[in-house]
Amino acid sequence: MKSMLKRDGMRVALVVLGSVLYAFNVNTFVTAAGMYPSGFAGLSLLLQAIFERYLGISVPYSAFNLVLNSIPVVISFKFLGRKFTLLSCLAILLMSVLTDIMPGMTMTSDPLLLSVFGGLVHGFAISLCLRARATSGGMDFVTIYLSEQHGKDSFNLTMGLNIIILAIAGLLFGWEKALYSIIFQFVSTQVLHGMYKRYQQQTLLIVTDYPDEICDVIRKITNHGATMFKGVGNFEHKERTMVYSVVSADEVNKVVSGVRGVDKGAFINSIKTDSVTGTFYRQPND
């Protein structure tokens with residue numbers, strides 16, 4: 001019970017930190033350069049700009065973002081888990097309200113610097129929420145659902161909505177801001193892929209003298225099985241065993257550490273896996 005409360009407390013802390021960084025980024029980098037992030041965040045900023053320029057109405061960012069996320073939240077409750085959705089709702093609410101009330105800082109007027117560093121902070125903020133087993137809302141609900149169904153990273157699927165947002169922004173407010181937004185989104189996506197690897201797989205090839213113990217380690221850490229192959233080492237001409245397993249990329253370091261604890265002399269080859277067909281266990285969202 002205590003461990004669960006500690007784990008949930010850590011998840012909430014990551015969501016709060018990610019939300020604060022997100023709002024800081026929007027008010028310091030995104031707004032200063034007139035850029036548009038990906039997904040519903042970019043759509044909310046675009047609608048906000050349209051209402052203000054063409055209708056003369058100043059609408060809070062939170063009004064658009066909360067309304068746009070209302071339907072995905074309902075879908076998430078049904079398909080992705082209640083605790084996951086509640087934490088995501090906390091992130092959406094905090095990001096929306098803090099974006100409206102937090103003051104921005106003037107760091108630079110160079111749009112290229114704003115787009116690059118804004119993308120870095122944005123990707124880091126979103127990654128914190130994802131590592132807390134939550135999401136910043138919007139299209140993330142859809143991409144996580146598709147990732148769960150197909151067993152591979154689907155975050156690039158938001159590109160279609162992003163193209164539409166940037167096309168409208170370019171037509172209404174100038175193509176320069178839209179082009180800088182592309183740089184912003186590219187940098188953000190690279191940070192996201194580097195920090196969040198739940199839907200990426202790695203193939204492990206482990207040559208060891210303790211195959212049964214290594215298989216037990218893999219099973220305990222990842223709940224995945226493994227396959228053993230017998231062979232002969234060419235250097236010493238002795239019989240060796242190779243353990244083969246595919247695990248989630250975010251579990252690789254734990255597995256390697258566990259393997260080293262059993263066999264310090266094990267030879268480990270970790271290979272990036274593009275896709276896996278067949279049964280592949282992944283801890284479900286709660």
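The values are calculated or read from the model by the stated rules, or taken from the named source; none is laboratory data. Small disclaimer: the values here were computed from a predicted structure and weren't measured. Here the Cβ is made from the backbone with ideal geometry for all residues, glycine too, and neighbour counts use every protein chain on show.
For the stretch 1-28, give me each residue that is within 17 Å of the chain's Cα centre (by Cα) and of a type in the set (Lys, Arg). Across the stretch 1-28, the qualifying residue is only Arg11.
Within the stretch 29-74, the set of residues being assigned to a helix (DSSP H, G or I), in contact (Cβ under 8 Å) with a residue 60 or more places away in the chain and within 22 Å of the chain's Cα centre (by Cα) comprises Phe29, Val30, Gly39, Phe40, Ala41, Gly42, Leu43, Asn65, Leu68, Pro72, Val73.
Determine, yes or no, whether Ser248 is of a type in the set (Ser, Thr, Tyr), modelled with pLDDT of 90 or more and outside the structural domain of Ile163 (by TED's automatic domain parsing). Steps first, please.
Details: of a type in the set (Ser, Thr, Tyr): yes; modelled with pLDDT of 90 or more: no; outside the structural domain of Ile163 (by TED's automatic domain parsing): yes.
For Ser248, the condition - of a type in the set (Ser, Thr, Tyr), modelled with pLDDT of 90 or more and outside the structural domain of Ile163 (by TED's automatic domain parsing) - is not met.
If only one of Phe84, Phe77 is under 20 Å from Val15 (Cα atoms), in the same structural domain as Ala132 (by TED's automatic domain parsing), in contact (Cβ under 8 Å) with a residue 12 or more places away in the chain and within 21 Å of the chain's Cα centre (by Cα), which one is it? Being under 20 Å from Val15 (Cα atoms), in the same structural domain as Ala132 (by TED's automatic domain parsing), in contact (Cβ under 8 Å) with a residue 12 or more places away in the chain and within 21 Å of the chain's Cα centre (by Cα) holds for just one of Phe84, Phe77, which is Phe84.
Check the stretch 168-188 and report whether any residue there is of a type in the set (S, T, N, Q) and within 16 Å of Ala249 (Cβ to Cβ). Walk me through how you get there before you give the answer.
Residues of the stretch 168-188 of a type in the set (S, T, N, Q): 181, 185, 188.
Among the residues that remain, those that are also within 16 Å of Ala249 (Cβ to Cβ) are: none.
No, because not a single residue in the stretch 168-188 is of a type in the set (S, T, N, Q) and within 16 Å of Ala249 (Cβ to Cβ).
Kindly indicate the residue of the stretch 216-241 that is assigned to a helix (DSSP H, G or I) and in contact with a strand residue (DSSP E or B) (Cβ under 6 Å, 6 or more places away or on another chain) and also modelled with the highest pLDDT among those meeting that condition. If you could, list the steps in order and put the result at the bottom.
Here is the first cut: in the stretch 216-241, the residues assigned to a helix (DSSP H, G or I) are 216-222.
Going one step further and asking which of them are in contact with a strand residue (DSSP E or B) (Cβ under 6 Å, 6 or more places away or on another chain), we end up with 218, 222.
On the way: Ile218: 92, Thr222: 87.
Filtering first and then ranking leaves Ile218.
Would you be able to say whether some residue in the stretch 132-151 is buried (at least 17 other Cβ atoms within 10 Å of the Cβ), under 25 Å from Val16 (Cβ atoms), modelled with pLDDT of 80 or more and among the hydrophobic types (A, V, I, L, M, F, W, C)? Checked against the condition, which is being buried (at least 17 other Cβ atoms within 10 Å of the Cβ), under 25 Å from Val16 (Cβ atoms), modelled with pLDDT of 80 or more and among the hydrophobic types (A, V, I, L, M, F, W, C), the stretch 132-151 yields at least one hit.
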